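Enquirer: Here it is, the structure, as structure tokens.
Nothing in this text is a laboratory measurement; each read-out follows from the coordinates by a stated rule. The structure displayed is predicted, hence computed values, not measured ones. As a convention, Cβ positions derive from the backbone with ideal geometry for all residues, glycine included, and neighbour counts pool all protein chains shown.
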Amino acid sequence: MHIEKLSPNRLSSLPAFDDHEEVYVVSDRPTGLKAVIALHNTILGPAAGGCRFWTYANDEDALRDALRLSKAMSFKNAMAGLPLGGGKAVVWSERPVRDRTAFFSAFGRAVQSLKGRYITAEDVGTRTDDMIAVARETNFVAGLPAKAGRPGGNPSPRTAHGVFLGIAAAVKFALARTDLSGTKVAVQGLGSVGYALCKELHAADASLVVADLDDDRVQRAVAEFSAKRSTPEAVLFEDVDVAAPCALGGILNKETIPQLRAKIVAGAANNQLDNDHDGELLRLRGVLYAPDYVINAGGIIQVAAEYLGWSEDDVNDRLKVIPMSLQQIFEESNWRHLATNTVADTLAQTKLNRHLPARAAG
Ligand code: NAI
């Protein structure tokens, strides 16, 4: 296995550099594994963030994705009040993966080589079985099957619950409603998070409009939650109270924002804004945007609890931070006339900065 730590010069020349501390490029010929492990900021603790298994056109694309995602993890973990820094891994292969266990075991060896400075877990394209393979080689991994009465396993239902609490907070703030009964929510993407979110929304008497590329998933939501069917292209522009992106990033941009009819955008997808300025476009249009890394922190809260040995009660208590942080962001955005993503970034950066002197002294 070849593991290259990018030199400070190479690192600072990358367009997505954003003050990353360390970045590693990994390749393992026998398994075909290629990986980037990015450690953005370890002021609050070891860098924690999932491992994404994706197809990239070239190594530069993978590098850019890893850097963008790991910075978001620093902000997400800080806003969720976790004693963890921000990091992320992306893995890919230039040939079909024949032995997935060997592939992820090789990734586990790369994680182990960082001696605990990076903790991995599931992300898009990876699942519990993959983390079991990673755990053959390292203990710096979470998202493993839950032990009785302890947090663990697939974090998606926890992510969905955090998003549900966040939607309730946004509806209270923007629409002055204290429950979700009758609230219309459009959900784009009915995967692990989107499906679990629909279940909670349906139980709260919200009415649903849904779409997914996979028609079986749509049919299931129609049958189980009396959801109305939309299309992947149109679902976020439906005449609803809340648009909940739970599929892709980059869906809020100068073309899509003018088409929104919802008063609130609040969903699980990472990197929803195409660029930071799109948050201001949403504000000017009168749309309340729940910053993605604040509302979708439920999964990392569970992962942190599993890794740090916290209880289920600890997880449930910490999930309450999500609506509280959103309320603070919404209020500050209102009185300072600033986009919610700008307010969130400033709050997260302030939390990180607060720890700088302690680190320098130590
Ligand atoms: P998933 O892969 O289980 O589900 C994604 C779903 O979106 C799939 O059903 C897919 O067919 C559908 N989809 C893809 N493109 C679409 C489109 N254009 N229109 C409609 N549907 C489309 O992923 P998961 O785990 O549910 O995650 C969803 C989003 O939430 C991702 O952006 C992920 O990064 C983010 N997220 C997930 C967390 C988790 O705990 N799983 C934690 C934090 C963020």
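Enquirer: Arranged by the count of other C-beta atoms within 10 angstrom, fewest first, what order do Thr159, Thr256 take?
Expert: The most exposed by this proxy come first: Thr256, Thr159.
Enquirer: Just to be sure I follow: if Rg is taken over the C-alpha atoms of the chain and Rh is the Kirkwood radius over the same atoms, what is Rg/Rh?
Expert: Result for the chain is an Rg/Rh of 0.96.
Enquirer: Another question, if that's okay. Hey, what angle do you get for helix 298-308 against the long axis of the chain, alpha-carbon based, 0 to 90 degrees rounded to 10?
Expert: Value to nearest ten degrees: 40.
Enquirer: Note the angle between two axes, namely the Cα long axis of helix 340-354 and the longest principal axis of the Cα atoms of the chain, as a number of degrees from 0 to 90, rounded to the nearest 10.
Expert: That helix lies at roughly 40 degrees to the long axis.
Enquirer: Provide the descending list of Cα extents for region 156-350 along its principal axes, expressed in whole angstroms.
Expert: 44, 43, 29
Enquirer: Determine the alpha carbon to alpha carbon distance for each of Lys76/Lys320; Lys76/Lys263; Lys184/Lys320; Lys76/Lys351; Lys172/Lys263; Lys88/Lys115 and list only those over 18 Å.
Expert: Correct reply: Lys76/Lys263; Lys184/Lys320.
Enquirer: I've got another one for you. Explain nothing, just the number: relative contact order of region 1-116, from Cα pairs under 8 Å at least 6 residues apart, as a whole percent.
Expert: Worked out over region 1-116, it gives 28 percent.
Enquirer: Taking only C-alpha pairs under 8 Å that are 6+ residues apart, what is the relative contact order of region 156-350 in percent?
Expert: 22 percent
Enquirer: So what is the calculated 222 nm ellipticity per residue for the chain, using -39500 (n - 2.57) for each DSSP H run with n of 4 or more, over all residues, to the nearest 500 deg cm²/dmol?
Expert: That comes out to -13000 deg cm²/dmol.
Enquirer: While we're looking at this one, here's another question. Taking Cα pairs under 8 Å and at least six residues apart, what relative contact order does the chain come out at, in percent?
Expert: Relative contact order of the chain: 15 percent.
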